[in-house]
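These notes concern the structure reproduced below.
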Amino acid sequence: MSVIAMIPAHDEAGGIASAIASLAGQAVAFDRIVVVADNCSDDTAELARAAGAEVFVTVGNTAKKAGALNQALASVALAGQDVLLVMDADTRLGVDYMREVMARLGDPSTGSELGAVGGIFHGDEPTGLLQRLQSAEYARYARETGRRQGRVQVLTGTASVFRVEALRQVAAARGDTLPGRLGEVYDTGAITEDNEITLALKTIGWQLVSPRGCLVYTELMPTVGALHDQRLRWYRGAIDNIVTYGWTPVTRRYWGQQAGLLLSSAMLLLYLALMAFTLVDGQLAFSWFWTVVGGIFALERVVTVWRAGPAARFTAALLVPELVYDLFLQAFFFHAVAQRLRGVNPQWRHHAAAPQPQTTPTR
(Lines give C-alpha, C1' and ligand atoms only; values in the text may rest on other atoms or scores of the structure.)
Protein backbone atom coordinates (compact mmCIF):
# COMPACT_ATOMS: atom_id res chain seq x y z
CA MET A 1 0.00 0.00 0.00
CA SER A 2 1.23 3.46 -0.95
CA VAL A 3 0.20 6.79 0.51
CA ILE A 4 -0.11 9.50 -2.13
CA ALA A 5 -0.98 13.18 -1.85
CA MET A 6 -2.56 15.05 -4.76
CA ILE A 7 -2.82 18.85 -4.63
CA PRO A 8 -4.84 20.56 -7.37
CA ALA A 9 -3.51 24.08 -7.87
CA HIS A 10 -4.49 26.97 -10.12
CA ASP A 11 -2.26 30.02 -9.64
CA GLU A 12 -1.40 29.07 -6.05
CA ALA A 13 2.18 30.36 -5.88
CA GLY A 14 1.40 32.07 -2.59
CA GLY A 15 0.54 28.92 -0.68
CA ILE A 16 1.83 25.84 -2.49
CA ALA A 17 5.16 25.61 -0.63
CA SER A 18 3.38 25.88 2.73
CA ALA A 19 0.90 23.14 1.76
CA ILE A 20 3.72 20.79 0.76
CA ALA A 21 5.67 21.61 3.94
CA SER A 22 2.69 20.58 6.07
CA LEU A 23 2.78 17.13 4.44
CA ALA A 24 6.43 16.70 5.33
CA GLY A 25 5.57 17.22 9.00
CA GLN A 26 3.16 14.25 9.18
CA ALA A 27 3.89 11.13 11.21
CA VAL A 28 2.94 9.03 8.18
CA ALA A 29 5.35 9.49 5.29
CA PHE A 30 3.96 10.09 1.80
CA ASP A 31 5.32 7.90 -0.95
CA ARG A 32 4.46 10.54 -3.53
CA ILE A 33 3.31 14.17 -3.49
CA VAL A 34 1.78 15.24 -6.79
CA VAL A 35 0.85 18.85 -7.48
CA VAL A 36 -1.72 19.15 -10.27
CA ALA A 37 -0.87 22.46 -11.96
CA ASP A 38 -4.03 23.49 -13.77
CA ASN A 39 -3.91 26.35 -16.29
CA CYS A 40 -1.41 28.24 -14.14
CA SER A 41 -0.17 31.66 -15.21
CA ASP A 42 2.24 32.00 -12.28
CA ASP A 43 5.18 29.91 -11.04
CA THR A 44 3.11 27.38 -9.04
CA ALA A 45 4.71 24.43 -10.85
CA GLU A 46 8.28 25.65 -10.36
CA LEU A 47 7.72 26.35 -6.66
CA ALA A 48 6.14 22.92 -6.19
CA ARG A 49 9.13 21.19 -7.78
CA ALA A 50 11.51 23.25 -5.65
CA ALA A 51 9.58 22.09 -2.55
CA GLY A 52 10.12 18.44 -3.52
CA ALA A 53 6.82 17.53 -5.17
CA GLU A 54 6.13 15.92 -8.53
CA VAL A 55 4.16 18.12 -10.90
CA PHE A 56 1.41 17.02 -13.28
CA VAL A 57 0.40 19.73 -15.75
CA THR A 58 -3.13 19.53 -17.14
CA VAL A 59 -3.75 19.79 -20.87
CA GLY A 60 -6.74 21.65 -22.27
CA ASN A 61 -8.77 21.38 -19.06
CA THR A 62 -11.93 23.49 -19.04
CA ALA A 63 -13.67 21.67 -16.18
CA LYS A 64 -11.96 23.45 -13.26
CA LYS A 65 -10.86 21.41 -10.23
CA ALA A 66 -12.90 18.31 -11.06
CA GLY A 67 -11.46 18.15 -14.57
CA ALA A 68 -7.91 18.68 -13.32
CA LEU A 69 -8.26 15.85 -10.80
CA ASN A 70 -9.77 13.54 -13.41
CA GLN A 71 -6.80 14.12 -15.72
CA ALA A 72 -4.30 13.49 -12.95
CA LEU A 73 -6.09 10.39 -11.66
CA ALA A 74 -6.14 8.95 -15.17
CA SER A 75 -2.39 9.54 -15.59
CA VAL A 76 -0.86 8.81 -12.17
CA ALA A 77 -0.38 5.11 -11.48
CA LEU A 78 -2.40 4.05 -8.43
CA ALA A 79 -3.18 0.62 -7.00
CA GLY A 80 -6.52 -0.36 -5.50
CA GLN A 81 -5.08 -0.75 -2.00
CA ASP A 82 -3.46 2.70 -2.06
CA VAL A 83 -4.82 5.66 -0.12
CA LEU A 84 -5.00 9.10 -1.69
CA LEU A 85 -5.04 12.47 0.05
CA VAL A 86 -6.67 15.19 -2.04
CA MET A 87 -5.82 18.57 -0.56
CA ASP A 88 -6.28 22.18 -1.62
CA ALA A 89 -3.19 24.25 -2.22
CA ASP A 90 -4.32 26.89 0.31
CA THR A 91 -4.53 24.30 3.09
CA ARG A 92 -2.16 22.97 5.74
CA LEU A 93 -2.65 19.73 7.64
CA GLY A 94 -2.71 19.54 11.41
CA VAL A 95 0.23 17.62 12.82
CA ASP A 96 -1.79 14.48 13.68
CA TYR A 97 -3.95 14.40 10.56
CA MET A 98 -2.46 11.40 8.76
CA ARG A 99 -1.84 9.48 12.01
CA GLU A 100 -5.57 9.67 12.72
CA VAL A 101 -6.48 8.76 9.14
CA MET A 102 -4.34 5.63 9.05
CA ALA A 103 -5.60 4.53 12.47
CA ARG A 104 -9.17 4.72 11.17
CA LEU A 105 -8.42 2.95 7.91
CA GLY A 106 -6.48 0.26 9.76
CA ASP A 107 -9.18 -0.40 12.38
CA PRO A 108 -10.13 -4.07 11.87
CA SER A 109 -13.70 -3.45 13.05
CA THR A 110 -14.56 -0.67 10.60
CA GLY A 111 -11.57 0.14 8.41
CA SER A 112 -12.51 -2.07 5.47
CA GLU A 113 -15.91 -0.36 5.24
CA LEU A 114 -14.48 3.19 5.17
CA GLY A 115 -14.27 4.70 1.73
CA ALA A 116 -12.84 8.01 2.89
CA VAL A 117 -11.75 10.02 5.93
CA GLY A 118 -12.52 13.72 5.84
CA GLY A 119 -10.87 16.62 7.61
CA ILE A 120 -12.35 19.14 10.01
CA PHE A 121 -11.35 22.56 8.77
CA HIS A 122 -10.43 25.65 10.72
CA GLY A 123 -9.44 29.05 9.40
CA ASP A 124 -5.92 30.40 9.29
CA GLU A 125 -5.08 33.13 11.79
CA PRO A 126 -7.65 35.90 11.09
CA THR A 127 -6.38 39.38 10.29
CA GLY A 128 -9.61 41.38 10.57
CA LEU A 129 -13.22 41.28 11.69
CA LEU A 130 -14.54 39.57 8.56
CA GLN A 131 -12.00 36.77 8.84
CA ARG A 132 -12.62 36.49 12.57
CA LEU A 133 -16.31 35.93 11.89
CA GLN A 134 -15.49 33.22 9.35
CA SER A 135 -13.12 31.61 11.84
CA ALA A 136 -15.88 31.52 14.46
CA GLU A 137 -18.26 29.96 11.93
CA TYR A 138 -15.71 27.22 11.16
CA ALA A 139 -15.14 26.62 14.88
CA ARG A 140 -18.86 26.04 15.39
CA TYR A 141 -19.00 23.67 12.41
CA ALA A 142 -16.04 21.70 13.82
CA ARG A 143 -17.72 21.53 17.23
CA GLU A 144 -20.94 20.25 15.68
CA THR A 145 -19.04 17.62 13.66
CA GLY A 146 -17.40 16.42 16.87
CA ARG A 147 -20.79 16.16 18.56
CA ARG A 148 -22.00 14.01 15.66
CA GLN A 149 -19.14 11.59 16.39
CA GLY A 150 -17.49 12.38 13.08
CA ARG A 151 -20.57 11.70 10.94
CA VAL A 152 -19.84 13.26 7.57
CA GLN A 153 -21.90 16.01 6.03
CA VAL A 154 -19.32 16.78 3.35
CA LEU A 155 -15.88 15.31 2.67
CA THR A 156 -14.26 18.71 2.72
CA GLY A 157 -12.33 19.67 -0.38
CA THR A 158 -9.72 21.29 1.83
CA ALA A 159 -8.33 17.83 2.68
CA SER A 160 -9.81 14.33 2.58
CA VAL A 161 -8.27 10.87 2.20
CA PHE A 162 -9.81 8.24 -0.09
CA ARG A 163 -9.35 4.56 -0.67
CA VAL A 164 -8.37 4.27 -4.32
CA GLU A 165 -10.62 1.20 -4.51
CA ALA A 166 -13.60 3.39 -3.52
CA LEU A 167 -12.76 6.02 -6.14
CA ARG A 168 -12.54 3.33 -8.81
CA GLN A 169 -15.99 2.08 -7.86
CA VAL A 170 -17.31 5.62 -8.19
CA ALA A 171 -15.79 5.93 -11.68
CA ALA A 172 -17.32 2.59 -12.69
CA ALA A 173 -20.80 3.70 -11.54
CA ARG A 174 -20.79 7.04 -13.37
CA GLY A 175 -23.39 7.34 -16.09
CA ASP A 176 -25.53 4.65 -14.48
CA THR A 177 -26.00 4.65 -10.70
CA LEU A 178 -24.20 7.98 -10.41
CA PRO A 179 -24.25 11.17 -12.50
CA GLY A 180 -21.26 12.00 -14.69
CA ARG A 181 -19.28 10.24 -17.38
CA LEU A 182 -18.31 6.58 -17.12
CA GLY A 183 -14.70 6.15 -16.02
CA GLU A 184 -14.29 9.60 -14.45
CA VAL A 185 -13.93 9.86 -10.68
CA TYR A 186 -15.29 13.41 -10.39
CA ASP A 187 -18.46 14.70 -12.01
CA THR A 188 -17.35 17.72 -14.04
CA GLY A 189 -20.93 18.98 -14.08
CA ALA A 190 -20.79 19.68 -10.33
CA ILE A 191 -19.29 22.98 -9.14
CA THR A 192 -18.82 21.62 -5.61
CA GLU A 193 -16.92 18.44 -6.36
CA ASP A 194 -16.35 17.64 -2.67
CA ASN A 195 -20.08 17.63 -1.90
CA GLU A 196 -20.81 15.55 -5.00
CA ILE A 197 -18.13 12.91 -4.31
CA THR A 198 -19.56 12.61 -0.79
CA LEU A 199 -23.01 11.82 -2.19
CA ALA A 200 -21.47 9.44 -4.73
CA LEU A 201 -19.58 7.40 -2.13
CA LYS A 202 -22.59 7.25 0.19
CA THR A 203 -24.87 6.22 -2.67
CA ILE A 204 -22.76 3.18 -3.58
CA GLY A 205 -22.52 2.12 0.05
CA TRP A 206 -19.20 3.32 1.46
CA GLN A 207 -18.97 4.63 5.00
CA LEU A 208 -17.32 7.99 5.69
CA VAL A 209 -16.00 9.67 8.82
CA SER A 210 -14.46 12.99 9.87
CA PRO A 211 -12.60 12.40 13.16
CA ARG A 212 -11.80 15.20 15.60
CA GLY A 213 -8.09 14.62 15.18
CA CYS A 214 -8.12 15.30 11.42
CA LEU A 215 -7.63 19.06 11.63
CA VAL A 216 -6.87 21.17 8.59
CA TYR A 217 -6.25 24.90 8.32
CA THR A 218 -7.38 26.83 5.28
CA GLU A 219 -7.55 30.38 4.00
CA LEU A 220 -10.23 32.83 5.07
CA MET A 221 -11.80 35.16 2.52
CA PRO A 222 -10.31 38.67 2.79
CA THR A 223 -13.25 40.66 1.37
CA VAL A 224 -17.03 40.51 1.28
CA GLY A 225 -16.85 40.04 -2.50
CA ALA A 226 -14.58 37.02 -2.20
CA LEU A 227 -16.78 35.60 0.57
CA HIS A 228 -19.85 36.09 -1.64
CA ASP A 229 -18.24 34.21 -4.53
CA GLN A 230 -17.15 31.36 -2.26
CA ARG A 231 -20.50 30.91 -0.52
CA LEU A 232 -22.53 31.37 -3.68
CA ARG A 233 -20.60 28.43 -5.16
CA TRP A 234 -21.04 26.35 -1.99
CA TYR A 235 -24.78 27.01 -1.70
CA ARG A 236 -25.52 26.67 -5.41
CA GLY A 237 -23.39 23.55 -5.70
CA ALA A 238 -25.18 21.87 -2.79
CA ILE A 239 -28.58 22.69 -4.28
CA ASP A 240 -27.58 21.47 -7.74
CA ASN A 241 -26.16 18.24 -6.34
CA ILE A 242 -29.32 17.17 -4.53
CA VAL A 243 -31.48 18.13 -7.51
CA THR A 244 -29.28 15.96 -9.72
CA TYR A 245 -29.44 13.00 -7.32
CA GLY A 246 -33.12 13.45 -6.57
CA TRP A 247 -34.91 12.16 -3.47
CA THR A 248 -33.07 9.08 -2.17
CA PRO A 249 -32.34 7.57 1.26
CA VAL A 250 -28.94 9.30 1.06
CA THR A 251 -30.16 12.73 -0.04
CA ARG A 252 -33.32 13.14 2.03
CA ARG A 253 -31.30 14.50 4.97
CA TYR A 254 -29.63 16.98 2.61
CA TRP A 255 -33.01 18.08 1.28
CA GLY A 256 -34.14 18.58 4.87
CA GLN A 257 -31.09 20.70 5.64
CA GLN A 258 -31.72 22.96 2.65
CA ALA A 259 -35.37 23.34 3.68
CA GLY A 260 -34.29 24.10 7.25
CA LEU A 261 -31.80 26.71 6.05
CA LEU A 262 -34.48 28.36 3.94
CA LEU A 263 -36.95 28.38 6.83
CA SER A 264 -34.47 29.67 9.41
CA SER A 265 -33.37 32.45 7.05
CA ALA A 266 -36.96 33.50 6.47
CA MET A 267 -37.72 33.43 10.21
CA LEU A 268 -34.72 35.62 11.05
CA LEU A 269 -35.72 38.16 8.43
CA LEU A 270 -39.28 38.16 9.79
CA TYR A 271 -38.00 38.64 13.36
CA LEU A 272 -35.83 41.59 12.34
CA ALA A 273 -38.72 43.12 10.41
CA LEU A 274 -40.96 42.84 13.46
CA MET A 275 -38.26 44.39 15.68
CA ALA A 276 -37.86 47.29 13.26
CA PHE A 277 -41.63 47.82 13.14
CA THR A 278 -41.81 47.79 16.96
CA LEU A 279 -39.06 50.40 17.21
CA VAL A 280 -40.63 52.65 14.61
CA ASP A 281 -44.06 52.29 16.25
CA GLY A 282 -42.60 53.20 19.66
CA GLN A 283 -43.90 50.05 21.37
CA LEU A 284 -40.57 48.58 22.46
CA ALA A 285 -40.62 47.83 26.20
CA PHE A 286 -38.44 45.96 28.67
CA SER A 287 -39.34 42.29 29.17
CA TRP A 288 -37.68 39.90 31.61
CA PHE A 289 -38.67 36.97 29.42
CA TRP A 290 -36.98 38.29 26.29
CA THR A 291 -34.01 39.52 28.30
CA VAL A 292 -33.42 36.00 29.62
CA VAL A 293 -33.90 34.51 26.15
CA GLY A 294 -31.41 37.01 24.74
CA GLY A 295 -28.93 36.21 27.51
CA ILE A 296 -29.14 32.47 26.82
CA PHE A 297 -28.62 33.13 23.12
CA ALA A 298 -25.56 35.29 23.83
CA LEU A 299 -24.13 32.63 26.16
CA GLU A 300 -24.61 29.96 23.49
CA ARG A 301 -22.75 32.07 20.96
CA VAL A 302 -19.80 32.49 23.30
CA VAL A 303 -19.63 28.86 24.47
CA THR A 304 -19.69 27.47 20.93
CA VAL A 305 -16.60 29.45 19.91
CA TRP A 306 -14.75 29.03 23.21
CA ARG A 307 -11.89 27.03 21.72
CA ALA A 308 -11.30 29.71 19.10
CA GLY A 309 -9.82 32.01 21.74
CA PRO A 310 -10.56 35.25 23.65
CA ALA A 311 -11.00 37.43 20.56
CA ALA A 312 -13.62 35.06 19.14
CA ARG A 313 -15.47 34.97 22.48
CA PHE A 314 -15.48 38.76 22.72
CA THR A 315 -16.82 39.15 19.16
CA ALA A 316 -19.51 36.54 19.82
CA ALA A 317 -20.58 38.31 23.02
CA LEU A 318 -21.18 41.51 21.06
CA LEU A 319 -23.85 39.67 19.03
CA VAL A 320 -24.28 42.43 16.43
CA PRO A 321 -21.21 41.59 14.26
CA GLU A 322 -22.25 37.94 14.00
CA LEU A 323 -25.85 38.92 13.32
CA VAL A 324 -24.76 41.14 10.42
CA TYR A 325 -22.46 38.37 9.16
CA ASP A 326 -25.33 35.86 9.27
CA LEU A 327 -27.49 38.25 7.29
CA PHE A 328 -24.82 38.42 4.60
CA LEU A 329 -24.64 34.61 4.44
CA GLN A 330 -28.41 34.36 4.18
CA ALA A 331 -28.43 36.93 1.38
CA PHE A 332 -25.85 34.80 -0.45
CA PHE A 333 -28.04 31.72 0.09
CA PHE A 334 -31.10 33.44 -1.33
CA HIS A 335 -28.97 34.58 -4.27
CA ALA A 336 -28.05 30.93 -4.93
CA VAL A 337 -31.70 29.85 -4.71
CA ALA A 338 -32.73 32.65 -7.06
CA GLN A 339 -30.04 31.66 -9.55
CA ARG A 340 -31.29 28.08 -9.53
CA LEU A 341 -34.93 29.12 -10.01
CA ARG A 342 -33.98 31.46 -12.87
CA GLY A 343 -31.84 28.82 -14.55
CA VAL A 344 -28.67 30.91 -14.35
CA ASN A 345 -25.54 28.84 -14.97
CA PRO A 346 -23.24 28.83 -11.92
CA GLN A 347 -19.83 30.46 -12.17
CA TRP A 348 -16.53 29.57 -10.50
CA ARG A 349 -14.42 32.60 -9.61
CA HIS A 350 -10.88 31.97 -8.44
CA HIS A 351 -9.37 34.11 -5.68
CA ALA A 352 -5.63 33.62 -5.32
CA ALA A 353 -4.54 32.85 -1.79
CA ALA A 354 -2.29 35.19 0.12
CA PRO A 355 1.25 33.93 0.77
CA GLN A 356 1.38 31.52 3.71
CA PRO A 357 4.30 30.88 6.07
CA GLN A 358 6.03 27.57 5.49
CA THR A 359 5.29 26.18 8.93
CA THR A 360 3.46 23.09 10.08
CA PRO A 361 0.47 23.67 12.40
CA THR A 362 1.13 22.41 15.90
CA ARG A 363 -2.49 21.37 16.56
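Across segment 114-153, which residue is nearest to residue 239 (Cα to Cα) among those that are aliphatic (A, V, I, L, M) and surrounded by fewer than 23 Cβ atoms within 10 Å (Cβ to Cβ)? Can you show your working first?
If we filter segment 114-153 for residues that are aliphatic (A, V, I, L, M), which is where we start, we get 114, 116-117, 120, 129-130, 133, 136, 139, 142, 152.
Going one step further and asking which of them are surrounded by fewer than 23 Cβ atoms within 10 Å (Cβ to Cβ), we end up with 114, 129-130, 139, 142, 152.
Numbers: 114: 26, 129: 29, 130: 25, 139: 24, 142: 22, 152: 17 Å.
Of everything passing the filter in segment 114-153, 152 is nearest to residue 239 (Cα to Cα).
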- Evaluate the following for residue 212: is it open to solvent by 50 Å² or more (accessible area, probe 1.4 Å), in a loop (DSSP other than H, G, I, E, B), touching a residue at least 40 places away in the same chain (Cβ under 8 Å) and over 27 Å from residue 12 (Cβ atoms)? yes
- Matching residues, segment 332-347, being surrounded by 14 or more Cβ atoms within 10 Å (Cβ to Cβ) and not in a loop (DSSP other than H, G, I, E, B): 332, 333, 334, 335, 336, 337, 339, 340
- Message: Can you confirm whether residue 297 is assigned to a helix (DSSP H, G or I), touching a residue at least 60 places away in the same chain (Cβ under 8 Å) and either closer than 30 Å to residue 125 by Cα or touching a Cys at 6+ places or on another chain (Cβ under 6 Å) (or both)?
- Response: no
- Message: Looking at segment 134-148, can you tell me whether even one residue there is farther than 20 Å from residue 213 by Cα and basic (Lys, Arg)?
- Response: no
- Message: Return the residues of segment 215-253 that are open to solvent by 20 Å² or more (accessible area, probe 1.4 Å), touching a residue at least 40 places away in the same chain (Cβ under 8 Å) and not hydrophobic (A, V, I, L, M, F, W, C); say none if nothing qualifies.
- Response: 219, 222, 223, 228, 229, 230, 233, 235, 240, 244, 245, 248
- Message: Show the residue pairs meeting these rules: Cβ distance below 9 Å; 6+ apart or different chains; first residue within segment 26-49 and at positive phi and small (Gly, Ala, Ser); second residue modelled with pLDDT under 95 and part of a loop (DSSP other than H, G, I, E, B).
- Response: none
- Taking residue 59 and the conditions (1) at pLDDT 95 or above; (2) surrounded by 15 or more Cβ atoms within 10 Å (Cβ to Cβ), which numbered condition does it fall short on, given that it satisfies the others? (2)
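Quick check on residue 85: is it out of contact with any Asp or Glu (no Cβ under 7 Å at 6 or more places or on another chain), buried (at least 17 other Cβ atoms within 10 Å of the Cβ), part of a loop (DSSP other than H, G, I, E, B) and of a type in the set (A, V, I, L, M)? Step through it out loud before you land on a result.
Values: out of contact with any Asp or Glu (no Cβ under 7 Å at 6 or more places or on another chain): yes; buried (at least 17 other Cβ atoms within 10 Å of the Cβ): yes; part of a loop (DSSP other than H, G, I, E, B): no; of a type in the set (A, V, I, L, M): yes.
So residue 85 does not fit the description; no.
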- Query: Can you pull out the residues in segment 173-182 that are farther than 18 Å from residue 65 by Cβ and either of a type in the set (Gly, Ala, Ser) or in contact with a strand residue (DSSP E or B) (Cβ under 7 Å, 6 or more places away or on another chain) (or both)?
  - Reply: 173, 175, 182
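Let's see how each residue does on (1) assigned to a loop (DSSP other than H, G, I, E, B); (2) among the hydroxyl-bearing types (Ser, Thr, Tyr); (3) more than 13 Å from residue 137 (Cα to Cα); (4) touching a residue at least 12 places away in the same chain (Cβ under 8 Å):
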{"site": "283", "(1), (2), (3), (4)": "yes, no, yes, no"}
{"site": "286", "(1), (2), (3), (4)": "yes, no, yes, no"}
{"site": "289", "(1), (2), (3), (4)": "no, no, yes, no"}
{"site": "302", "(1), (2), (3), (4)": "no, no, no, yes"}
{"site": "307", "(1), (2), (3), (4)": "no, no, no, yes"}
{"site": "321", "(1), (2), (3), (4)": "no, no, no, yes"}
- Note on the structure: Picked from segment 99-113 (must be in contact (Cβ under 8 Å) with a residue 40 or more places away in the chain and outside any loop (DSSP other than H, G, I, E, B)), the residue surrounded by the most Cβ atoms within 10 Å (Cβ to Cβ) is 101
- Does segment 28-56 hold any residues that are over 11 Å from residue 7 (Cβ atoms), of a type in the set (A, V, I, L, M) and open to solvent by 30 Å² or more (accessible area, probe 1.4 Å), and which are they? 28, 29, 47, 50
- Note on the structure: Residues of segment 128-152 being in contact (Cβ under 8 Å) with a residue 24 or more places away in the chain and either in a strand (DSSP E or B) or among the polar types (S, T, N, Q) (or both), in sequence order, are 131, 134, 135, 145
- Go through segment 254-279 and give me each residue that's over 21 Å from residue 327 (Cα atoms) and either open to solvent by 80 Å² or more (accessible area, probe 1.4 Å) or more than 23 Å from the chain's Cα centre (by Cα) (or both). 255
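The values are calculated or read from the model by the stated rules, or taken from the named source; none is laboratory data. In this text the structure is predicted, and so the values were computed from the model without any measurement. When we count neighbours, we look across all protein chains shown, and the Cβ atoms used for this are built from the backbone with ideal geometry, even at glycine. All accessible areas refer to the heavy atoms of the entire protein, side chains included, with ligands and DNA or RNA removed. Shrake-Rupley method; radii C 1.70, N 1.55, O 1.52, S 1.80 Å.
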